[in-house]
Amino acid sequence: MIIVMKADVLPESPEVQQVIKMAERFPDVHAEVRTIQGATRVLTEIYLLGSTAQIPQEPFEEFPAVEKTIRIRERYRSIGRHDGAEAFGFEYNGVRFSQDTFHVFPGLCAVDSRENVEIMFRALRDAGIQTTRAGAYKPRTSPYDFQGHGKTCLPFLFELAGTYGMKVIAMEITHEAQLEEIGDALRAAGNPTGVLIQIGTRNAQNFELLKLVGQQREFPVLFKRGMGITLDESLNACEYIASSGNNHIVLCLRGMKTNFGDPHRNFVDFAHVPVVRRLTRLPVGIDPSHSVGKKAVAPDGLLDIHHVTAQGIIAGANMVLVDFHPKPEEALCDGPQALLLNELELFVRDAELVRKTYLERVKLREALGT
Ligand code: PEP
Ligand code: MN
């Protein structure tokens with residue numbers, strides 16, 4: 001059961017303590033307090049876990065500080081959109097993430113040279129973009145491929161992020177030690193930017209890593225859907241993160257591995273954007289680059305990457321992670337799918353156009369009331 005406190009009731013307040021005290025009088029029940037940042041207000045929610053089936057709702061609803069109580073369904077206890085529960089939202093380094101926001105994260109798949117990072121960041125700044133991607137730790141299919149520069153590139157990456165006003169960098173980690181390396185490098189650089197910790201598709205069921213990113217609250221998490229597991233399994237993986245204490249999560253769709261997806265690198269699964277929004281309280285991202293994997297052009301002149309991006313946004317995606325590179329032919333990772341810097345304006349303007357249309361679709365439905 002979730003007990004939603006009225007707006008402005010703080011987690012440490014006596015009102016919250018009173019509710020917990022009453023809840024924990026029931027055998028085998030324990031309470032966890034979580035803070036939810038909604039669109040207009042911060043909410044304190046008390047999750048009652050354990051043997052809660054027999055607990056009545058009414059006594060809790062009688063507390064003046066309680067707004068409502070919500071029965072949790074068994075599925076996705078922490079991230080599920082249980083009837084009446086508001087979607088999660090969070091603000092990180094001045095950037096807000098929720099099911100109502102929209103951000104594009106164009107950037108390098110992997111950091112290769114200082115020069116390319118600088119060219120990339122300058123182009124983003126000139127386009128008014130403050131969110132990007134940059135991989136330092138790259139999980140590669142072959143052990144002989146470039147594995148990323150690791151912690152050695154973090155000092156110049158963060159310094160340049162500060163210089164060019166990048167507020168959030170999406171960056172994958174493959175091992176717990178890297179979390180500390182990133183934290184140390186950020187502090188050493190004077191916290192010029194923020195990092196959205198990415199859990200890649202290959203680690204989607206690395207439960208120890210999931211628990212670890214869930215136990216820390218310093219960084220939000222970008223969870224990439226597992227490429228060969230069901231959506232339910234990926235949502236349960238997010239449940240590992242959230243139930244460990246961190247619900248600042250964006251779930252990112254990135255295509256599924258199956259030959260049915262040919263000729264794309266993965267079978268594009270952006271039809272699941274509304275599904276994830278319905279089943280969970282999480283903002284949803286899409287990664288058209290790793291889904292499509294190449295720069296095939298459709299007869300209308302737009303790339304397949306543009307078309308699938310539009311398909312995700314028109315369905316309500318909150319974030320787009322997309323590979324760009326100043327010189328893709330020299331990229332050490334995923335060059336063939338990277339867009340060129342002179343393609344940035346079209347990508348961003350097209351994405352904004354589709355986002356605007358999505359919002360108009362929602363308004364149209366509301367106006368017609370059907
Ligand atoms: C990436 O975004 O760089 C990446 C490797 O993605 P995925 O884990 O989805 O393959
Ligand atoms: Mn890649």
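What follows is calculated from the coordinates using simple rules that are stated; it is not laboratory data. Please read these numbers as outputs of a predicted model, since none were measured by experiment. Here the Cβ positions follow ideal geometry from the backbone for every residue, glycine too, while neighbour counts run over all protein chains shown.
Basic side chains Lys and Arg get +1 at the Cβ, acidic Asp and Glu get -1 at the Cβ, and with that the dipole of the chain about its Cα centre reaches some 440 debye.
Whole-Hz Karplus values for region 225-234 come out as 3, x, 6, x, 10, 6, 4, 4, 5, 5 Hz, taken residue by residue from phi with 6.51 cos²θ - 1.76 cosθ + 1.60 and θ = phi - 60°; glycine and proline positions read x. Candidates ASN93, HIS307, THR44 compared by Cα position along the dipole of the chain: farthest toward the positive end lies HIS307, with charges placed on Cβ. Remark on region 143-196: ratio of C-alpha radius of gyration to 2.2 N^0.38 Å is 1.13. Counting only residues at least eight positions apart within a chain, or on another chain, the lysines with an alpha carbon under 29 Å from that of LYS167 are LYS138, LYS151, LYS211, LYS224, LYS294, LYS295, LYS327, LYS356. Classify region 39-91 from the C-alpha gyration tensor, please: rounded if a/c falls under 1.5, else prolate or oblate depending on whether a/b exceeds b/c. Judged from the Cα gyration tensor, region 39-91 comes out oblate (a/c at least 1.5, b/c at or above a/b). Proximity of backbone amide H atoms, modeled 1.01 Å from N, is registered between LEU196 and ILE169, ALA170, MET171 at under 5 Å, excluding neighbours fewer than 5 places apart on the same chain.
Computed from the Cβ-Cβ distance with R0 of 51 Å, the FRET efficiency linking GLU61 to LYS327 stands at 0.25. When the convex hull of its Cα atoms is viewed from all sides, region 301-347 shows a mean projected area of 3.7 nm².
Once backbone amide H atoms are built at 1.01 Å from N, GLU67 has VAL4, MET5, LYS6 as its partners under 5 Å, excluding neighbours fewer than 5 places away on the same chain.
Sequence-ordered 3J(HN,Hα) estimates for region 86-98 from the Karplus curve with 6.51, -1.76 and 1.60 and θ = phi - 60° stand at 6, 5, 6, x, 8, 10, 9, 6, x, 10, 9, 10, 6 Hz, glycine and proline given as x. If R0 is taken as 25 Å, the Cβ-Cβ distance between ALA188 and GLU91 corresponds to a FRET efficiency of 0.55.
Ignoring aspartates and glutamates fewer than eight residues from LYS21 along the same chain, the ones with Cα atoms less than 19 angstrom from its Cα are GLU12, GLU32, GLU45, GLU58, GLU61, GLU62, GLU67. The separation of region 25-86 from region 162-205, counted between C-alpha centres, amounts to 32 Å.
Region 269-285 and region 300-335 have Cα centres spaced 19 Å apart.
Taking 1.567 mPa s as the viscosity and 4 °C as the temperature, the Stokes-Einstein diffusion coefficient of region 220-370 based on its alpha-carbon Kirkwood radius rounds to 79 µm²/s. Where in region 226-263 does the label zone of HIS30 land, with the point 7 angstrom along Cα→C-beta and an amide N cut-off under 13 Å? So the set is 244-245.
Considering all different alpha carbon pairs of region 119-237, the Kirkwood hydrodynamic radius works out to 15.1 Å.
Summing Lys and Arg as +1 and Asp and Glu as -1 over all other residues whose Cβ lies under 13 Å from the Cβ of LEU303 gives a net charge of -3. When the P(r) of the chain is calculated, the portion above 38 Å amounts to 20% of the C-alpha pairs.
Computed from backbone phi with θ = phi - 60° and the Karplus coefficients 6.51, -1.76 and 1.60, the 3J(HN,Hα) list for region 48-60 is 9, 10, x, 7, 9, 4, 8, 6, x, 7, 4, x, 6 Hz; x is used for glycine and proline. Rounded to the nearest 500, the 222 nm mean residue ellipticity of the chain from helices alone is -10000 deg cm²/dmol, with -39,500 (n - 2.57) taken per DSSP H run of at least 4 residues.
Placing pseudo-labels 7 Å out from each Cα toward the beta carbon at GLU343 and GLU180 gives an inter-label distance of 4.1 nm. Which residues among region 335-370 fall inside the zone where the amide N is under 14 Å from a point 7 Å beyond the Cα of ALA271, along Cα→Cβ? Nothing falls inside the zone, counting backbone N under 14 Å. Using equal-weight Cα scatterers in the Debye expression, the normalised intensity of region 10-101 in log10 at q = 0.11, 0.21, 0.22, 0.23 Å⁻¹ is -0.34, -1.15, -1.23, -1.32. The gain in end-to-end length when the ASP126 to LYS151 segment is fully stretched comes to 6.3 nm, 0.36 nm per residue minus the alpha carbon separation. You can think of it this way: the chain between ARG75 and MET22 has 16.6 nm of extra reach, that is 0.36 nm per residue less the Cα-Cα gap.
Determine Rg/Rh for region 1-45; Rg is computed over alpha-carbon atoms and Rh is the Kirkwood hydrodynamic estimate from the same atoms.
Using Cα coordinates only, the ratio equals 0.99.
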